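Engineer: Sharing a structure with you now.
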Amino acid sequence: MKLNKTSRNFKILDAFYIAMMILPIIFGIVLQVLTKPVSEGIAITGARVYFTIPMPVQDFPITESQVNSAIVMVVIFFFCLYITHGMSKKIELKRQHLAEMIVEKVDSLVKENMGEYFMGFAPFIIAIMALSAFSSLLTLFGLYPPTSDINIVGGWAVLVFFLITYYKMKCGPINYLKGFAEPVALLAPINFISEFATPVSMAFRHYGNVLSGSVISVLLGSALAGLSSMVLGNLPGFLADVPLFQMGIPAVLSIYFDVFSGCLQAFIFAMLTMMYVGGAFDLETYKQKKARKSAKNKQ
Amino acid sequence: MELAIGIILGCCALGTGIAMIAGVGPGIGEGNAVASACEAIARQPESKSSVTTTMLMGCAIAETTGLYALVIAILLIFVAPGLLVDLLVNTMNGLK
């Protein structure tokens, strides 16, 4: 058995998975270097459009954020394959501990926040968490993070909105409409607005956090460039171009804005998804309704 | 024409600054939340993990109003000037 795990085929497959985790990122960097227009100084730009596919109603643009989120998906897919490769009942590889830890953590998180009924949601929650966290962490490679594009995050928020509505409808459409008249019928318009405010606020929260981080990083970078040219600008020769203050200081900020904030927003997005979807469903009412229905069918 | 464009640009910048006053609210709110969380952890150190999770959630929710202001500010400073100047130039050309 031990020999089997270290056999040549096993190692080749491992190397393939690792290569497939790294290659998409290199592809993204190469694509960015090839297509990025040469610009003077530091600029704040949105996602670049690579090309557009003509469509009958509206042209369909392929943007940087779409390509980068596809890269993230490929990386996560091969990462999952890698850590679950060579699993066995008796743990032989260290990566199996990591895989088991992730699954156990997510299971307990979902159980705690949504209840036993929603245990099937655990893969969805970890998928959305990983997608969001890895997308935000893409800035570390100098790529455009897809989460700072409202279209990507808005798509996830719309998905969550549909889930919420589905689980509210599960107790019957009459119950769903009755939910708008809580606690007083007079508040129905406000409840109706707050129904649509949920996805909007989720999308804006995530996108605003990531985008504000990159905007502040760019502003600080240009400010530090100005400061170092002010201090060293009068010196002769190459000394005037030494980026004295741009060394190191932006990296400290990047730890907060890119690493911490990105992971935190991923966690918060997943937590809010769990809370909204779990809160939209009333298990007691559903059980009563089901019991009534089955009693009716028996008669 | 130049004066009109100048007014547009200046007012967009002013509006951005005014919109970001909303950043005061989340600052105070999050400060209160973290202060209370510190007190709770000091009183019951064993509940640290759940208090921290709840606090982060609450901070994220409290931050929403500030982020609305941020989105409006970003729209005002990056999108609105171009749109409005284009609109102005087009209407002026149309009048001619």
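Engineer: Residues of region B:63-92 with the amide nitrogen closer than 18 Å to a label point 7 Å from the Cα of B:VAL24, along Cα-to-Cβ, please.
Structural biologist: So the set is B:63-70, B:73.
Engineer: If you build the convex hull over the alpha carbons only and average its shadow over all orientations, what do you get for region A:52-142? Give it in nm² to one decimal. Walk me through the numbers on the way to the answer.
Structural biologist: Details: hull surface 37.3 nm².
In nm², the orientation-averaged hull projection of region A:52-142 is 9.3.
Engineer: Then there is this: Per 5 Å bin, what percent of the C-alpha pairs of region B:10-91 does each bin hold, from zero upward?
Structural biologist: Final binned percentages: 3, 15, 17, 14, 11, 10, 8, 7, 6, 4, 3, 2, 1, 0.
Engineer: Once you have the alpha carbon radius of gyration of the protein assembly as shown, what is it after dividing by 2.2 N^0.38 Å, with N set to its residue count?
Structural biologist: 1.21
Engineer: While we're here: What percent does the relative contact order of chain A come to when contacts are Cα pairs within less than 8 Å and at least six residues apart? Each step should come with its number before you reach the end.
Structural biologist: Values: 268 pairs, mean separation 62.1, N = 299.
Value for chain A: 21 percent.
Engineer: Let me ask something else. How far apart, in nm, are the 7 Å Cα→Cβ label points at B:LEU14 and A:VAL38?
Structural biologist: Label at B:LEU14, label at A:VAL38, 4.1 nm between them.
Engineer: Also, quick follow-up: So what is the accessible area of chain A per residue, in Å², with the probe set to 1.4 Å?
Structural biologist: Numbers: 18030 Å² over 299 residues.
Accessible surface, normalised per residue, equals 60 Å².
Engineer: Cross-link candidates for A:LYS168: which aspartates and glutamates have Cα within less than 19 Å, leaving aside residues fewer than 8 places away along the same chain?
Structural biologist: A:GLU116, A:GLU182, A:GLU195, A:ASP282, A:GLU284
Engineer: Over the C-alpha atoms of region A:183-292, what are the Rg and the largest Cα-to-Cα span, Dmax, in Å?
Structural biologist: Considering region A:183-292 through its Cα atoms, Rg and Dmax are 24.8, 88 Å.
Engineer: Mind telling me which of A:LEU140, A:LEU187, A:LEU219 comes out most flexible in a GNM of chain A, alpha-carbon contacts under 10 Å?
Structural biologist: Comparing A:LEU140, A:LEU187, A:LEU219 in the GNM, the peak value goes to A:LEU187.
Engineer: Grab the beta carbon distance between A:LEU81 and B:LYS48, set R0 = 51 Å, and tell me the FRET efficiency rounded to 0.05. Kindly include the intermediate steps, with their values, before the conclusion.
Structural biologist: Working: r = 36 Å, r/R0 = 0.71.
About 0.90, to the nearest 0.05.
Engineer: Give me the dipole magnitude in Debye, nearest 20, for the protein assembly as shown about the Cα centre, with unit charges on the beta carbon: positive for Lys and Arg, negative for Asp and Glu. Write down the numbers at each step before the final one.
Structural biologist: Details: 26 positive and 23 negative charges, 393 e Å.
Approximately 1880 debye in magnitude.
Engineer: Need the per-residue list for region B:68-90: every residue with at least 40 Å² less accessible surface in the complex of protein chains than in the chain by itself, probe 1.4 Å, sorted by number.
Structural biologist: Those are B:TYR68, B:VAL71, B:ILE74, B:PHE78, which lose 40 Å² or more relative to the chain on its own.
Engineer: If you rank A:HIS85, A:HIS206, A:HIS97 by how much accessible surface each has, with a 1.4 Å probe, what is the order from largest down? Present the calculation step by step, with values, prior to reporting the outcome.
Structural biologist: Details: A:HIS85 30, A:HIS206 0, A:HIS97 105 Å².
Largest accessible area first, the residues go A:HIS97, A:HIS85, A:HIS206.
The values are calculated or read from the model by the stated rules, or taken from the named source; none is laboratory data. These numbers come from a predicted model, not from an experiment. Here Cβ is always computed from backbone atoms with ideal geometry, including for glycine, and neighbour counts include all displayed protein chains. Please note that ligands, DNA and RNA were not included when accessible areas were found on the heavy atoms of the full protein model with its side chains. Shrake-Rupley method; radii C 1.70, N 1.55, O 1.52, S 1.80 Å.
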